[in-house]
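Here's the structure, in structure tokens; my notes come after.
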Amino acid sequence: MTRDIGFLIFPAFQLLDAAGPIAAFEIAGRLVPGAYRLHLLARDPGAVPSSSGVAMTALAFAAAPRLDTLIVSGGEGTRTPAICEATLDFVRETFRTARRTASVCSGAYILAAAGLLDGRRATTHWQRSHDFQRRYPAVRLEPDKIFVQDGSLWSSAGITAGIDMALAMIGADLGEAVARRTAQQLVVYHRRPGGQSQFSALLEMQGGRFDALLAWARENLAQPLTVEQLAQQAAMSPRNFARQFAAETGATPAKAVERLRVEAARALLDSQPLQVEDVALETGFGDQERMRRAFLRAFGQPPQALRRNAKLTLSQPEREGPAA
């Protein structure tokens, strides 16, 4: 059976949001000939420029075949399609007939604007999470996930996470052996470990003279990591270090250490059968109450609630989507 996969693009879309999943399905289609037909779709057909200026050629919505899967790209240009009734109507109509409807990165804004994500679990780029939750409070956003499937609706995190999502779809369609071989051809993880948090705070603060120090701090979270200790590691005076660090990273040393600890603690809570107090000790919080306050600041929920939600997600049966 050949499955028709549509990729919705628009001016100023993120090129890799579309090209990454396209490459994954293309390779899987070579491993299993005839498995997929791929279609680029846009409200205005022809050459559609990405945010990089590189264009891809798309068909008009009306020229789309009956799709098995629709994947909506993200990017800087999402604001216009998210208020375009022609685009939203196409997404809604396709959702009613397709087996799967998905978004990559900020493409989740378009699915949410179409009303498809209300009451559903979803994710988007970690940097957009707070804005997305503010705009669409009815969506059950899971900001640390690489991708989320809720019945027939799929969503993925930032940019390259669209490849992770496509590999999971390929595994569901053609088997894990084909998905694994596709990942090998792409030279990417078959199943990427961890969540978005491994890419967020540390990367957000990196890019300058304190990169090595931040990496060292992440490997030594159980230590006190006082300003004096960090300054000594950086071979600077505490006062000069604190001033230079804040100017370089946009965060005080104490706030940076807290962010690294929170993310490490959440990863342990999600993946290890450790008691909350043990996680607090291992990540340098020292006690549960201090970790609880830090989690409330970072995620708006205490550690126990996040752990319960993660377990619920794993045990929750998938909802059936519309028939193909």
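Ranked from largest, the principal axis spans of the Cα set of the chain equal 65, 42, 38 Å.
When each of the peptides 176-185, 118-127 is scored by the mean number of other C-beta atoms lying within 10 Å of its residues, the order from highest to lowest reads 118-127, 176-185.
Only protein atoms count toward the accessible area here, which uses a 1.4 Å probe; on the chain, the carbon and sulfur part of that area reaches 53 percent. Summarising the label geometry, the points placed 7 Å from Cα in the beta-carbon direction at Leu296 and Asp4 lie 5.3 nm from one another.
Projected label points at Thr252 and Tyr189, each 7 Å from Cα along the beta carbon direction, are separated by 3.3 nanometres. Once the convex hull of all Cα atoms in the range 239-292 is built, its volume per residue stands at 78 Å³.
A Förster distance of 45 Å, applied to the separation of the beta-carbon atoms of Arg37 and Arg308, puts the FRET efficiency at 0.60. Between the alpha-carbon centres of the range 76-104 and the range 204-243 there is a gap of 45 Å.
Residues whose amide H comes within less than 5 Å of that of Ile71, counting only those at least five positions distant or on another chain, are Gly6, Phe7, Leu8, Ala102 (H built at 1.01 Å from N in the peptide plane). Solvent exposure of the range 231-304 amounts to 53 Å² per residue of accessible area, where only protein heavy atoms count and the probe is 1.4 Å. Rg and Dmax over the alpha-carbon atoms of the range 113-194 stand at 13.7, 40 Å. Put a dot 7 Å past the Cα of Gln233, heading toward its Cβ, do the same for Ala63, and the two dots end up 5.6 nm apart.
The values are calculated or read from the model by the stated rules, or taken from the named source; none is laboratory data. Given the structure is predicted, the values throughout are model-derived calculations rather than measurements. Note that we place each Cβ from the backbone using ideal geometry, even for glycine, and neighbour counts take in every protein chain shown. Heavy atoms of the whole protein, side chains included, go into the accessibility calculation; ligands, DNA and RNA do not. Shrake-Rupley method; radii C 1.70, N 1.55, O 1.52, S 1.80 Å.
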